[in-house]
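The values are calculated or read from the model by the stated rules, or taken from the named source; none is laboratory data. None of the values given here were measured: they were computed from a predicted structure. Here the Cβ positions follow ideal geometry from the backbone for every residue, glycine too, while neighbour counts run over all protein chains shown. Note: areas computed on protein heavy atoms with side chains; ligands, DNA, RNA excluded. Shrake-Rupley method; radii C 1.70, N 1.55, O 1.52, S 1.80 Å.
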Amino acid sequence: MAIAVLLVLGFRSHETVSAQRQIAALDVVLAEASSRALSNVAIVLDRIVEDVGTDQIMTADDFRPRLSGFDIHECLKMRVAGIARFTTVLAIDAKGDLVSHSRRWPTPQINVADRDYFQHARDNPGTEPFIGRPIQNKVTGRWVLQVSRRFAARDGSFAGVIVGSVDLDYFQSLYENMKLPEGYSVALWRRDGTLLARSPLTSDVGRQLDTEALRLLSAGQVSGSYKARSAIDGQPRFIAFNAVADFPVFVTTSVNENAALADWRGVVLLIVAAAAMGILATLAVTLAAVRRLALYEELAAALKARDASEAQVRQLQKMDALGQLTGGIAHDFNNMLSIVRGNLDLLRRRLDHGRKDVGTYLDAADDGVVRAADLTRRLLAFSRREPVRAQSVDPNVFVEGLAELFRRTFGQNVILVAELGEDVPFVKVDPGQFENAVLNLALNARDAMPAGGRVTIRTRRANAVEAAATLSHGDASFVVVEVEDVGSGIEPDVLERIFEPFFTTKPVGKGTGLGLPQVFAFAESAGGRVSARSQIGSGTIISIYLPASAERPSATVPEGPVPHATRRQRVLVVDDEEAVRQISGEMLGQLGYEVLTASGAEEALGVLARADDVELVITDLGLQGMDGIRLADAARKLKPGLRILFATSSGHVGPAANDGSPAVLAKPYSSGDLARKVKQALAA
């Protein structure tokens, strides 16, 4: 009997802990899902602010004239079209008067100065989203949540509010689709205790309720669990809570104590019945309970082993993909290095024989270096560390270059074909984003054919029907870049959702659901659209429509003569690579500059403290310890007015300067590049 009592108590503790862990894990997932849904709303509001253009609203008085037009009504209407969770988007001026309405035109005359979201935006600077009190539609009875964003004029004054109305039935459906077991519940709350949504549904939606979670959040906790009587049904529950990142709301998941201990009660009844039958029966039941615990441990061990195996498989897949990409890159780099080394070897042999006609070999070696640097920039564009800049691009030349790179990574069972149209106009896009969009589509096409097949990347001019029907710009000229596969196709209900953020049909660890939304965002930011069509058993075609550009791609401009120093000027070169310091110093010396060098930030600051006449510091951005940007800040404090030239091989300069400005020198560089950048920096 003593053993039975100990087992009963131990199993009760185990069931309690297990229930708390389960609801805590489930609550984290639901909080993340709620955060994504609200983040998408905030993103739409930010996009609307970008569409309006803050540079056109200098003062609060400019808000109504800019946003009251039919074009803004259409813009708001377009932004929320197809997003199920949105009901309306409103623009409200600094007096609380409604300026634009996404669903009604002309805009009705309504004042909302008494609403909490308006008062919060008026009294609190900043653009972080605010969650207002829910409002119930008097006709339909449905609850609506107001998500607002403050709009400030260029002079810093409060100009108005952009408000998105979110149907709380969206969150209700999201939680109900979880198919929670009997006795479980999940709820979304404002940080003031107002209940926003709950599954199972309750009539308390819209009411402020007192909960322990609210007190813990007020004390600084962002997550936790506890046992308490529910403020909704009064039943004792195990409750877990998590604050939703970046929003003043939180999610609770709970389980009724009776439901959590249902298995335990069954075991208790079984043990009591067995005890009544005698010691032997009790021992038999105890043995059954022990076996159950052993099976639980075996199951836990099996699940742990399965997770470890899945993680190992995912790692092997990552390494395989990395190996394919690395092999292609290594092939290209080795070709370029062979050009450089071979020409240098021929150059050395000619010089050994006293011959001076070596210009051909120098030009060829330099061309190899330029091609290697170009490959590095392309790889940086893939990793999105290259600065964003729009420029005119020839789609045919661009796609043909991408096809060569993709063929090295797709493997032997996937054939990649580039079909380049005739008379295809130029487009003005960010090359890195364009490349990333085509890469996402090509990789998706490859993944749709696990047994192999053909991927086709096609360029053509859009016909008038496509421009009118798909883009609503019948008078414009558009270029179409298509990626087609011959895979199994996409179901119609899935095809409708492929551009939704975080939506993916791939297994866990295989995809994030962000690839196609990035393609959608790229096309939209470039002034175009993206569409998809698919047929089960025949494959899928995804088309990016981009506005044609009359601007031709920039041609290479002759560099002109290399500028030399016109007077005695002292330059400090800072780089932790000795060979780089040496060659840079020699180049500058031949250009007529007096050169000092330092291997790091501390040594450079010491040199500056001793040498009063240093006019320019050339520093590598990626120095060990104190990086180049912090060195520049410290040097300017030591010597105000000191010129700084940043040297970088990553294409990323952070807040230092915009790429292409006189303050940035891209590695690798020639003596001509160095001379021109130094001249520009000293003249700035």
Leaving out ligands and nucleic acids, note down the accessible area per residue over region 49-128 with a 1.4 angstrom probe, in whole Å². 54 Å²
The answer for Leu596, listing residues at least 5 apart or on another chain whose modeled amide H is closer than 5 Å to its amide H, is Val571, Leu572, Val573
Can you give the net charge of the other residues whose Cβ lies under 11 Å from the Cβ of Val251, counting K and R as +1 and D and E as -1? -1
What figure, in Å² to the nearest 10, do you get for the accessible area of His353 with a 1.4 Å probe and non-protein molecules left out? 150 Å²
Carbon plus sulfur, as percent of the 1.4 Å-probe accessible area of region 1-132, comes to 54 percent
Cα centroid distance between region 77-117 and region 524-549, in Å? 31 Å
What shape does region 146-253 have by the C-alpha gyration tensor, where a ≥ b ≥ c are the square roots of the eigenvalues, rounded means a/c under 1.5, and otherwise prolate means a/b greater than b/c and oblate the rest? prolate
Across 5 Å bins from 0, what is the distribution of all Cα-Cα pair distances for region 1-150, in whole percents? 2, 8, 13, 18, 17, 10, 6, 5, 4, 4, 4, 3, 3, 2, 1, 1, 0
My understanding is that a pair violates if its Cα-Cα distance is over 28 Å; which of Lys428/Lys679; Lys356/Lys677; Lys138/Lys227; Lys639/Lys667; Lys179/Lys304; Lys356/Lys679 do that in this structure? Lys428/Lys679; Lys356/Lys677; Lys138/Lys227; Lys356/Lys679
Taking 0.36 nm per residue of sequence separation and subtracting the Cα-Cα distance, how much length would be gained by fully extending the chain between Ala634 and Arg306, in nm to one decimal? 112.8 nm
For region 74-134, shape from the Cα gyration tensor axes a ≥ b ≥ c, cut at a/c of 1.5 then a/b versus b/c, turns out oblate
In region 390-454, the GluC sites (Glu not before Pro) that sit in a DSSP loop and have at most 15 other Cβ atoms within 10 Å of their own Cβ are Glu422
Asn137-Val28 pseudo-label distance in nm [points 7 Å out on the Cα-to-Cβ vector]: 3.7 nm
Region 142-193 shape via C-alpha gyration tensor axes, a/c threshold 1.5: prolate
Under a crude label model (7 Å from the Cα following the beta-carbon direction), how far is Glu298 from Asp97 in nanometres? 7.7 nm
